[in-house]
Each structure stands twice: as structure tokens, then as C-alpha cells.
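Structure, as C-alpha cells:
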Amino acid sequence: MKLRDLHLLALKLEPWLVGLYLIYFLGVALPPVGVRIANALSYPLLFVLILISGCWRQLLFGMTRDIPLLLLHVMSVVSILWSVAPEFTADEPKAFLRAGIFGVYLAVRFGLSGQMMMLARILAISVILSLMVGIALPAYGIETTGESVGVWKGIFGFKNLFASNMAFAVLTLMLLGLSRPRWRGLLWGLCAIAFTLLLLSRGRTALASLLITLCLLPFLGIVKQYYKTRVVSVALILIVSLMVGLLIFVNLRFIVVDVLGKNLEFNGRLPIWTMMLYKGMEHFWFGHGYAAFWTSSAAHQILTQTWAYDTYRLGIRFNAHNGYIDLFLQLGIVGLALYLISLVTVFFRATYLMLRQKTVEIFWVLQTLVLTSLLSFADSLSVGTGSALWSLYVAFATSIAIQYRRQKIDDRLNDGNSSAPSLAPTLSAVNLKGS
């Protein structure tokens, strides 16, 4: 077999390897030996994927599209200089860097359309497998011990992760169904199964976050309307949103206690968050170091004098159950500010592109960012981690930045000379498969 034939074969295998990479880092439950092997193989596999695609220059270009995000990754490594647990800070940022590099690779290699299609396939497979496992192997797919007996977790490690992934599946499959009439029945059928599994997981935070996110669906139709109609529609939605917000505030106790099944301290999280913030103030600017707080004596009081002890005595590393607080504890206000600047910038750019291009892929990015931002208030699954959700955030930030740059160039040309040709094709080399 010639070298060219081997390269073509590798290119055909590339999407499958990317799919395996993504579904593992979405949190599929594996035995400890399998986790160690998969983690060890993930680094050379990422190198192979980049080598196969030959996208080194595009990768370096993509890394510089979101400077705050780049600085956040650099800061995770440099934080060993002030870490309170340097042995962990020396080792664990590599997973964070791996997730970031993989996210940039997704952006420059597949574009938003390719990412959406790939995620839809992976999530659809995870929905079907979770349903099959829950029915055929309930000991694996359904919790059988503790307070969560009978709660579904599918093929994932625990129920909150399963609920978050099912919420993500509902959102992705629903939006893809709106843009793919040919497959609409299948996609919405899978969406219905994913929503049922979300209910079976009893992940009320994920459910509430999804329902809030789905309230944004009317905006997809509004942005496609004429200007005057759009202004009136947005004004009406803002008025209704204010009324709904007031209604939620007045009935907060009912919503939190009766609907979400939590007390007004969010099942003990509010007091422990307060303790974490006090600890974070001790290293306000740069934090305790990446992965250092929960692995050092700095967390001893929280781990031994609160409900966190139940996790601590089992030898499981605790987390803040809030992605923003966890990032603050690790990298201080500087690290948190870098992430929030990046997040606000992505929202602004995506909104601008949505108004200009009106594509379902960009709307998918906006809704996914809203969903994950809400989930991060109750879980530490995405912000500043080595998970697939962080890779997706980096991919979104990079893809949106590239498209925003391209759109701004087009806008300037069109404003200066309406007959000038678009430069979008000349920049498409950044995105090899395009969107």
C-alpha cells in the first residue's frame, strides 16, 4: 500500500478516532485500569490526529484567537510557582492543556457545522447505549446503593454527569432536527428518549437549566424576521422575561424547595460555598495553584467539618460543586477574570454573527454556552477542567473568533465597496473541513 493510500485511510479513520476521544472525555464509566490506559493513550492519540490532518499552522493560528483563554492555560502551568501543592500542580495541568489543544483542533479541523454533526452522532449513540444499559444491565446503568437508588446514570460515571450530557443531547438533537427536515423524525425521537432519560436521572439542576435554555428558542425565528418586526418581537420578549423573572423571585421558595427538591441553602451548598470564598480570599489574586486547593491542607477545615467529609473519607477528591468557585480557588480572581472575559467575548461575537449569518450552528453555540454556564453554578464539570466540555468551550471560542474575524473583514469591504468580492474563501484555509 502506497504512502498516499495510507494517508487517505487515516483521514477516513480520523472522525472515528475523534468520536472515541470525545465520548471518553464526556465521562463514560470505565474500570480503573481502563481509565489509566485511556488517559495514557489520549496524549499520543491527539498527536496522531494533528499529524494526520497536517493542521499545525492552523492550530497555532487558532490558539491565538482568544488571548484571555490562552493566558488561562499558560497560567495553569505557571501556577506551580505559587502552588500550595506543587506536586499536583506539576502533573495535572497537562490534562487541562490537552483538552484546550483538542478544542482548538476541533475548531480548525471541523468548523461549527462539523462539530455539531459529530456531537449529535456521539450524543445519539450515548442516548441509545444508556437506554440499553439501563434496561439490560441495570446494575451498571442504574444506581443501586446510597440515597440515589433507582436513579439512572446510563453509561456515565455518576448521575449528575449523565443528566448534564442528556440535557446537552436534547438541545443538540432538537436544533439539528430543526435544520435537517429529512432526519427530523429520527432526531426528535432520539431527543424524546434523551429527555426521558434526563427525567430518570432526577438531575433537577440539569433539567431546570435545560428548560431555561429552551426558552431562548424563539430568538432563532426572531433573528430571521425583518428589522421592525424583530425589534417589536425582542421588546415583547424582554417584557415577558421581566414578568417571568419577577414571578420567579416572588415564588423562589416554592421553586427551590418544591420543584428542585432543595432547601434555601441548596442542600447545604450555600454555607460551604461561603467557607470556600473565605479560603479563596487568602490567595485572592492568583489562587492556591491549579489542582492544589483540594489536595492540600488549605481545604482541611472544609473537608473535615462539613458534609464534604462523606466524600473525603472515601478517598474521593472533593470539588466546590460550582465551577466558578473552583476556578477562583485554583487560579484566583485573575484566572476567573480571564475566563469570564473570554466567555463574555464569545457571547458578544456569537450574537453578532447570529444577527448577520442567522445559522442554526451559531445559535447552537449560544444555547450551549447558556446551558453550560447555568450548570457550572451547581457542578464543576466544565470550567477549567480536562473534560470534553472544556474542549467544546475552547472549540466554540476558537471557531466563533475565526468566523467573527472573517465576517468583520467582509463587512468592512462591503461598506467600502459594495461590489468588492468576499474574502471568506481566502480565509477558509483556517478551517480545513469548513462549516
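The values are calculated or read from the model by the stated rules, or taken from the named source; none is laboratory data. Owing to the predicted nature of the structure, the values given are computational and were not obtained by experimental measurement. Every residue, glycine among them, receives a Cβ derived from its backbone with ideal geometry; neighbour counts consider all protein chains shown.
Here Gly150 fulfils each of the conditions (1) within 23 Å of Pro32 (Cα to Cα); (2) out of contact with any Pro (no Cβ under 8 Å at 6 or more places or on another chain) apart from (1). Counting only helices (runs of 4 or more DSSP H) that fall entirely inside the range 276-385 and contain at least 1 residues that are at pLDDT 90 or above, the qualifying elements are 323-357, 360-375. Among the residues of the range 28-79, those that are more than 11 Å from Val104 (Cβ to Cβ), hydrophobic (A, V, I, L, M, F, W, C) and assigned to a loop (DSSP other than H, G, I, E, B) comprise Ala29, Leu30.
The rows are residues; the columns are (1) more than 24 Å from Phe293 (Cβ to Cβ); (2) in contact (Cβ under 8 Å) with a residue 24 or more places away in the chain.
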| site | (1), (2) |
| --- | --- |
| Leu20 | yes, no |
| Leu51 | yes, no |
| Arg57 | yes, no |
| Asp66 | yes, yes |
| Met75 | no, yes |
| Val84 | no, yes |
| Val104 | yes, yes |
| Leu129 | yes, yes |
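For the range 120-159, a residue qualifies if it is assigned to a loop (DSSP other than H, G, I, E, B) and surrounded by 20 or more Cβ atoms within 10 Å (Cβ to Cβ), and the qualifying residues are Lys153, Gly154, Ile155.
Checking the structure you have, find out if any residue of the range 53-63 is closer than 30 Å to Ile155 by Cβ and out of contact with any Lys or Arg (no Cβ under 6 Å at 6 or more places or on another chain). No, the range 53-63 has no match at all. On the given criteria, is Ala320 touching a Phe, Trp or Tyr at 6+ places or on another chain (Cβ under 8 Å) and farther than 27 Å from Gly103 by Cβ? So Ala320 fails the test. Within the set Val78, Val149, the sole residue that is modelled with pLDDT of 95 or more, of a type outside the set (D, E, K, R) and under 30 Å from Thr311 (Cβ atoms) turns out to be Val78. Only residues that are touching a helix residue (DSSP H, G or I) at 6+ places or on another chain (Cβ under 8 Å) and modelled with pLDDT under 85 were counted across the range 258-275, and they come to 8.
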